Amino acid sequence: MLHQDFQDWEAIIVNDGSPDNVETIALTWLEKDERFKYYKKQNGGLGSARNYGISKAKGEFILPLDSDNQVKEDYALKAISVFTEKRNVGVVYGMPNIMESEQVFGK
């Protein structure tokens, strides 16, 4: 998210009872950029974590990402331009590239 062409964003990190070092990683991101927000809650599953994050969001548009997701630098700018140019559009979704070890397996 740091390298998005569109700069008016916030990233909400929700720790939903993760047993790994997500808190350490999240705090590192918070130190790098004030647009990152970190919340910790009891485990309730993916839907609960997403809904919690959405409830904390201040923006008009939502892009749920998991810890293993990446988006290209122009994704947010392109998605938002679709929403602003075509007001009847309710959802924008990109085609995923499935990657492992820097090799693309599917598109």
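Observations on the model:
- DSSP bridge pairs, the chain: antiparallel proportion in percent, nearest 5: 40 percent
- With respect to the chain, whose longest principal axis is taken over its alpha-carbon atoms, helix 46-56 is tilted by about 80°.
- 3J(HN,Hα) from dihedral phi, the stretch 64-74, Karplus parametrisation 6.51/-1.76/1.60, rounded to Hz, x for glycine, proline: x, 10, 9, 4, 9, 8, 9, 10, 5, 4, 9
- The chain - mean residue ellipticity at 222 nm from DSSP helices (-39,500 (n - 2.57) per run, n ≥ 4, rounded to 500): -9500 deg cm²/dmol
- Folded to 0 to 90 degrees: helix 22-32 orientation relative to the chain principal axis, Cα: 60 degrees
- Length available on full extension from ALA57 to ASN97: 0.36 nm per residue minus the Cα-Cα distance, which gives 11.7 nm.
- When you filter the chymotrypsin sites (Phe, Trp or Tyr not before Pro) in the stretch 1-67 for DSSP loop state and at most 16 other Cβ atoms inside 10 Å of their Cβ, you are left with PHE6, TRP9, PHE61.
- Non-local Lys pairs in the stretch 1-104, i.e. 8 or more apart or on different chains, that have alpha carbons under 18 Å apart: 6
- Candidate values (i) 62; (ii) 49; (iii) 68, label of the one derived for percent of Cα pairs over 17 Å apart: (i)
Throughout, read-outs are computed from the coordinates displayed, never taken from laboratory work. These figures come from a predicted structure and were not determined experimentally. All Cβ positions, even for glycine, are placed from backbone atoms using ideal geometry, and neighbour counts span all protein chains on display.
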